[in-house]
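Only one structure is covered here, and it is reproduced in the block below.
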Amino acid sequence: MAKLYYRYGTMQSNKSNQIITTHYQYTTQGKRCLAYTSPIDSRSGHHKIKSRVGLELDAEYVTDDIFEKVKQEHEKEAVYAVLVDEAQFLSKKDIHNLSDIPDLLDIPVIAFGLKTDFRNELFEGSRTLLELADAIDELKTVCQFCNKKATLNLRMQNGVPTNVGETIQIGDEEYVPVCRKCYKERLDLV
Ligand SMILES: [Zn+2]
C-alpha cells in the first residue's frame with residue numbers, strides 16, 4: 001500500500017535539493033514521477049523548484065483538482081510517485097486531496113516543507129500533514145549561531161531578528177535556521 005510521506009525541516013535544510021534528487025532517482029530508473037509546488041511560492045518563478053546548489057525541476061502548481069489531475073496522468077502513463085514542494089503553504093483541503101492519491105490510486109506522495117513559521121507555530125499544511133502522514137522524517141541542519149541542530153526559523157528584517165509581521169512573507173534571505181536557545185536569545189525572550 002502506498003504511503004503519504006512528510007519530510008519537514010527548517011530553512012536551508014536541503015528540501016528542494018532532496019526533492020530534485022528523488023525525482024532524478026525515479027526517472028533514471030524509467031519510473032515516471034510528477035512534481036508539484038505551492039502556488040504561493042513565487043520565489044522560484046513559475047512552476048520551478050530550485051535548490052541552492054543550482055539544480056532545478058519543472059513543477060505544476062497544486063490546485064483543487066490535484067487528485068483528478070494525477071488520476072488522468074496515471075491513466076495515460078503509469079505514475080510511480082508524486083512529489084510536493086513547499087507543502088506548508090497548502091490548505092487542509094489540499095492535503096486531504098493529496099492523501100487520496102496513495103489511498104485510491106496506490107501512488108506514494110512525498111511532501112516536503114517547513115514545519116513551523118517564524119513564530120514557531122505550525123503552518124496549516126504542516127499541521128494537516130503531521131495529522132495524516134503515514135511516515136514523517138526530519139531533514140536536519142545546523143543552527144546559524146551555534147553548533148546545535150536547528151529546529152526553528154528566525155525572521156530577520158534588515159539584519160535584525162523579529163517575530164512580528166505577516167505569517168507568509170516569501171524570500172528566504174530573511175529567515176535563518178536556529179536552535180531553540182538561540183531563537184529565544186536573539187528575540188530577547190530569555
Ligand atoms: Zn543555536
Selection from segment 25-65 of residues that are modelled with pLDDT of 95 or more, open to solvent by 20 Å² or more (accessible area, probe 1.4 Å) and farther than 16 Å from Leu90 by Cα: Gln25, Tyr26, Thr27, Thr28, Gln29, Gly30, Lys31, Arg32, Leu34
Can you name every residue in segment 68-96 that is more than 23 Å from Gln25 (Cα to Cα) and buried (at least 20 other Cβ atoms within 10 Å of the Cβ)? Gln88, Phe89, Leu90, Asp94, Ile95
Quick one: count up the residues across segment 139-156 that are under 30 Å from Asp100 (Cα atoms) and loosely packed, with under 14 Cβ neighbours inside 10 Å. 1
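The values are calculated or read from the model by the stated rules, or taken from the named source; none is laboratory data. Note that the structure is a prediction, hence the values are computed from the model and not measured. FYI the Cβ positions are ideal-geometry reconstructions off the backbone, even for glycines, and counts take in every protein chain you see. Only protein heavy atoms, including side chains, enter the accessible area calculation; ligands, DNA and RNA are left aside. Shrake-Rupley method; radii C 1.70, N 1.55, O 1.52, S 1.80 Å.
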